[in-house]
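Student: Let me give you the structure first, and then I'll get to my questions.
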């Protein structure tokens, strides 16, 4: 595994640091790490506004111990590409080990189990989507596969419930909905498979109980997002639809063993993804010719779980493209590789045969011919490559068979394993990544040294798409502008950040996208005066600075600055790319409290934290107090201990109305992520259930020991 990663990095040093990894995940790790080191449990990052609600974002792994560890060490690793690569390597190893464990549990011999474990981490979709970009998907899959292995052992009495619980909980608490889905599906398939194998309701109930225990403990990860969805972009994601985006038709199975095959799966590169994203292993499909299928039929009962999982995943990845908030089913193509390779390892271990040799060689050759034809249909422009690989598969396959007959399965498998990393290297060298690279600086220190040290809270107005960012472009925006989570790499307070959920009202106010980009109207909106408070939106947000992208506002400084603001000098590193507006009189974000406006009221801040606020207020005729806080669900307010209703000014700014006659009263604002109390209660229930299962397990083991009380043998 390490050799494969090293070979890939030798071709492209930042292969594992692209798209969502560089623009999203690593920035989150860094910011959460900084907050943890400051003693804060991350709930809100107020000045990040719509991207600052980590419980709603989910994928920060706030309740995942391993992710917490990654977050904590992240600020200490200057090279962010190295950090991403090492994290992905660790989970690739964990994934491969999990596949190895599962294959052994179903009766695979160690060499064949090792082959499956070595091949799965280099399957095409993992190579082209998860390694460069979707690290959370990789992490979740690794935990799910480990949970599967431990679940088999628990069902068959060879291990207790704690390992199953731990791996399931880690998969769920990653915060990636597809991982949580597959955790549940895996437990369900195990319940079916183990009951068919040994019809004992006790085993089925035990598996169900440990799954419920892990789900209950992991619910706190998803409850805030679910209960906040009414104000986010996710509120309209209901029902099912199919636009064919990232759906994988079953015909793509016939490209799983041609390393040069491209896919008809529609993605961001168009209707065809010109990368081998459905590739699994060059030997996987041809090897089916060497299975004694009649003999294998006798063991189908033992393999019900992987068969059920394979059928499910083939149905799921074929579409529809959206089922509520679960979208883009091809994201689960790596599980096709997992289930297929587990089954292949077991079948070859237990039912592999070369007799009759001639007929099986002919069958294997015909399979390779079909694979070449199918690959040529999907990517006819690469016919020469497909033909070359067809010949190579036949040649190397013949050598592998010779080694197997002469020296045994270990020699055959050894040769197959040796081919995995070079093929991955070939694919990286030959086919471009299916997702975009942002070419962010890889060094934290260099990034900070070449970016203005902006004090206070900054809002950037600009659009990433207006700037060409590729390997050849020297004039990249990273010395003046932030998109995605780049501001977190710089440890600066920017409103702009990456978010997969967003706050609908705030996003509408600034027409802000998932990557922090804005439209031209945002400039007028941010300095527009709110009729109720008489303050601009910039004042209500307590902004210190507004940075304007020159390409979006080419003549901005030719016009007078808004009242109370001035055009500031542009630092040398950023000249020619941005304009800067700063407040007259200096920053305001550092002032006490977060009251940004009052209407017919006075307010004197007494105490402020990320999640609470205490203000001394008065209002003779009744009025309002507005806070520089986004009106997320979860805020509560009391006035002298009596509850007040919290509201959203324009659906955006948190405020409360004060009753007439309010004099020197104590207004307290608190924030608690929606569903957190329920999440804690569910976690308590889950842990109690786990404790009960553990007690039952060890009681049963004592009874099964010879001479023990209540001996069963």
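Student: Taking 0.36 nm per intervening residue step and subtracting the Cα-Cα distance, what contour gain separates residue 465 from residue 192 on full extension?
Tutor: Values: separation 273, 0.36 × 273 = 98.28 nm, distance 4.92 nm.
Value of the extension gain: 93.4 nm.
Student: Jot down the per residue volume, in cubic angstrom and as a whole number, of the convex hull over the alpha-carbon atoms of region 327-390. Before the final figure, lay out the partial values.
Tutor: Details: hull volume 7.0 nm³, N = 64.
Considering the Cα atoms of region 327-390, their hull volume per residue is 110 Å³.
Student: Mean separation of Cα pairs under 8 Å and 6+ residues apart, divided by the residue count of region 444-583: what relative contact order is that in percent? Don't jump to the answer; show the numbers that get you there.
Tutor: Numbers: 222 pairs, mean separation 38.8, N = 140.
Relative contact order comes out at 28 percent.
Student: Let me know the whole percent of all Cα-Cα pairs from region 104-243 that are separated by more than 19 Å. The partial results should precede the final answer.
Tutor: Values: 5797 of 9730 pairs.
Of the Cα pairs, 60 percent sit more than 19 Å apart.
Student: For residue 406 and residue 381 in the same chain, what is the full-extension length gain: residue separation times 0.36 nm, less their Cα-Cα distance, in nm? Before the final figure, lay out each step's value.
Tutor: Numbers: separation 25, 0.36 × 25 = 9.00 nm, distance 3.97 nm.
Gain on stretching residue 406 to residue 381: 5.0 nm.
Student: So, in Å, what gap is there between the alpha-carbon centers of region 547-589 and region 200-229?
Tutor: Going from one Cα centre to the other spans 51 Å.
Student: Which whole-angstrom value gives the distance between the alpha carbon centres of region 437-497 and region 134-197?
Tutor: Rounded to whole Å, the Cα centres lie 39 Å apart.
Student: Divide by every residue of the chain the summed helix terms, -39500 (n - 2.57) for each DSSP H run of at least 4, and state the resulting mean residue ellipticity at 222 nm, rounded to the nearest 500 deg cm²/dmol.
Tutor: Values: 22 runs with 317 residues, N = 713.
Here the helix-only value at 222 nm equals -14500 deg cm²/dmol.
Student: Also, quick follow-up: Can you give the angle from 0 to 90° between the axis of helix 304-317 and the longest principal axis of the chain, with both taken from C-alpha atoms, to the nearest 10?
Tutor: Between helix and principal axis, roughly 50 degrees.
Student: For region 395-461, what percent of Cα pairs sit more than 20 Å apart? Kindly include the intermediate steps, with their values, before the conclusion.
Tutor: Values: 1391 of 2211 pairs.
The answer is 63 percent, as a whole percent.
Student: On to the next question. Percent of alpha carbon pairs in region 664-709 separated by more than 17 Å? Can you show the working numbers first?
Tutor: Working: 640 of 1035 pairs.
Distances greater than 17 Å cover 62 percent of the Cα pairs.
Student: Per residue, what volume in Å³ does the convex hull of the Cα atoms of region 1-98 enclose?
Tutor: On the way: hull volume 10.4 nm³, N = 98.
Hull volume normalised by residue count: 106 Å³.
Student: If every alpha-carbon in region 245-285 counts as one equal scatterer, what log10 I(q)/I(0) does Debye give at q = 0.15, 0.16, 0.21 1/Å?
Tutor: Normalising to I(0) and taking log10 leaves -0.30, -0.34, -0.57.
Student: Something else: Once R0 is set to 60 Å, what does the formula 1/(1 + (r/R0)^6) return for the Cβ-Cβ distance between residue 698 and residue 604, expressed as a FRET efficiency to the nearest 0.05? List each step's numbers first, then the result.
Tutor: Details: r = 60 Å, r/R0 = 1.00.
Efficiency computed from Cβ-Cβ geometry: 0.50.
Student: I need the shape label for the chain. Rule: rounded when a/c is under 1.5, else prolate if a/b > b/c, else oblate, with a, b, c from the alpha carbon gyration tensor. Display every interim value, and only then the final one.
Tutor: On the way: a/c = 2.69, a/b = 1.58, b/c = 1.71.
In terms of gyration-tensor shape, oblate.
Student: Taking only the alpha-carbon positions of region 204-313 and ignoring solvent, what does the Debye formula give for the base-10 log of I(q)/I(0) at q = 0.10, 0.11, 0.14 Å⁻¹?
Tutor: -0.60, -0.71, -0.99
Student: Grab every C-alpha pair in region 62-139, bin the distances at 5 angstrom width from 0 up to the longest one, and report whole percents.
Tutor: Percent of pairs per bin, in order: 3, 15, 22, 19, 17, 13, 7, 4, 1.
Student: Next up: Rounded to a whole number, what is D in µm²/s for region 444-583 from Stokes-Einstein with the Kirkwood radius over alpha-carbon pairs (25 °C, 0.890 mPa s)?
Tutor: Details: Rh = 15.5 Å.
D, rounded to a whole number, is 159 µm²/s.
Student: For residue 680 and residue 430, what does the FRET efficiency come to when R0 = 41 Å and r is the distance between their Cβ atoms, rounded to the nearest 0.05? Don't jump to the answer; show the numbers that get you there.
Tutor: Numbers: r = 51 Å, r/R0 = 1.25.
My answer for the efficiency is 0.20.
Student: Moving on. Mind pulling the per residue volume of the convex hull built on the Cα atoms of region 51-182? Å³ is fine.
Tutor: Details: hull volume 15.6 nm³, N = 132.
Convex hull of Cα atoms, per residue: 118 Å³.
Student: If you don't mind, there's one more thing I want to ask. Apply 1/(1 + (r/R0)^6) to the Cβ-Cβ distance of residue 363 and residue 156, taking R0 = 51 Å, and write down the FRET efficiency to the nearest 0.05. Could you put the intermediate results ahead of the total?
Tutor: Numbers: r = 35 Å, r/R0 = 0.68.
Using R0 = 51 Å, I get an efficiency of 0.90.
Student: Follow-up. Obtain the radius of gyration and the Kirkwood radius of region 588-713 from its C-alpha atoms and give Rg over Rh. Display every interim value, and only then the final one.
Tutor: Working: Rg = 25.6 Å, Rh = 17.9 Å.
Reported Rg/Rh, Kirkwood definition of Rh: 1.43.
Student: Rank-order 520-528, 106-114 by packing density, defined as the average count of other C-beta atoms within 10 Å over each peptide's residues, highest first.
Tutor: Values: 520-528: 16.7, 106-114: 21.3.
Descending packing order for the listed peptides: 106-114, 520-528.
Student: What does the extension gain come out to for residue 292 and residue 529, with contour length at 0.36 nm per residue minus their alpha carbon separation? Walk me through the numbers on the way to the answer.
Tutor: Values: separation 237, 0.36 × 237 = 85.32 nm, distance 7.72 nm.
Full extension from residue 292 to residue 529 adds 77.6 nm.
Student: Taking the DSSP beta bridges in region 444-583 as the whole, what percent of them are antiparallel, to the nearest 5?
Tutor: Numbers: 10 of 16 bridges.
The antiparallel proportion sits near 60 percent.
Student: Still on this structure: Given N residues in region 596-669, what is Rg(Cα) / (2.2 N^0.38 Å)?
Tutor: Numbers: Rg = 11.0 Å, N = 74, 2.2 N^0.38 = 11.3 Å.
Dividing the Cα radius of gyration by 2.2 N^0.38 Å gives 0.98.
Student: Using only the Cα atoms, work out Rg/Rh for region 483-557, with Rh taken as the Kirkwood radius, to two decimals.
Tutor: On the way: Rg = 12.9 Å, Rh = 13.4 Å.
Result: Rg/Rh = 0.96.
All of the numbers you see were taken from the coordinates with simple rules; none came from a lab. Here the structure is a predicted model, which means the values were calculated and not measured. Note that we place each Cβ from the backbone using ideal geometry, even for glycine, and neighbour counts take in every protein chain shown.
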